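As C-alpha cells, the structure follows; a few thoughts come after it.
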Amino acid sequence: MADEANAELTRLTAWVHGHVQGVGFRWWTRSRALELGLAGSATNLRGGKVEVVAEGPGRACEKLLEILRSGDTPGTVEHVAEQWSQPRGLTDFVER
C-alpha cells in the first residue's frame with residue numbers, strides 16, 4: 001500500500017513567464033500550493049520569470065499547473081513551461 005502512495009508522488013517544475021514579479025504572484029502561488037497539500041518553492045528569476053517547484057500527489061501538481069495557466073493569477077501569465085521529475089522529499093512551501 002505504501003508503495004502505491006509513493007508511486008503517485010511527483011515533482012513539477014514550472015517556469016512562469018509574463019508580468020509575474022512584484023504583483024504578489026509568489027505569495028499567491030504558495031497559498032494555492034498549500035491548499036493542495038504540496039511542498040516546494042516559488043522563486044523570482046532573472047528576466048522576470050518565476051520558477052515554481054511543487055512536490056506531492058500527481059493530481060495535486062496537475063491542478064496547480066492548471067491554476068497557474070488559468071488566467072486567474074496576480075499579474076499576467078503569458079506562458080508556463082513545465083518539467084516533471086521524481087520528488088526529492090520537500091516538506092514545506094517557501095517563497096524565495
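Quick one: order ARG88, ARG30, ARG96 from most to least accessible surface, probe 1.4 Å. List each step's numbers first, then the result.
Numbers: ARG88 180, ARG30 75, ARG96 155 Å².
Result of the area sort, largest leading: ARG88, ARG96, ARG30.
If the chain linking THR43 and ARG59 were pulled fully straight, counting 0.36 nm for each residue of separation and taking away their Cα-Cα distance, it would gain 3.5 nm.
A Förster radius of 30 Å, combined with the Cβ-Cβ distance separating HIS79 from GLU8, puts the computed FRET efficiency at roughly 0.65.
Relative to the longest principal axis of the Cα atoms of the chain, helix 25-35 runs at roughly 20 degrees. Split the accessible area of the chain by element, probe 1.4 Å, and carbon with sulfur accounts for 46%. Distance between the modelled labels on TRP15 and ARG96, one decimal in nanometres: 1.5 nm (7 Å Cα→Cβ projection). Per residue, the solvent-accessible area of the chain (1.4 Å probe, heavy atoms of protein chains only, all protein chains present) comes to 59 Å².
Surface listing: LYS49, LYS63 arranged by accessible area from highest to lowest gives LYS63, LYS49, probe 1.4 Å. Counted over the chain with a bin width of 5 Å, the fraction of Cα pairs per bin, in whole percents, is 3, 15, 27, 26, 16, 8, 3, 2, 0.
The values are calculated or read from the model by the stated rules, or taken from the named source; none is laboratory data. Because the structure is a prediction, the values reported are computed rather than measured. Here Cβ is always computed from backbone atoms with ideal geometry, including for glycine, and neighbour counts include all displayed protein chains. Note: accessible area is taken over every heavy atom of the protein model, side chains too, but ligands, DNA and RNA are not part of it. Shrake-Rupley method; radii C 1.70, N 1.55, O 1.52, S 1.80 Å.
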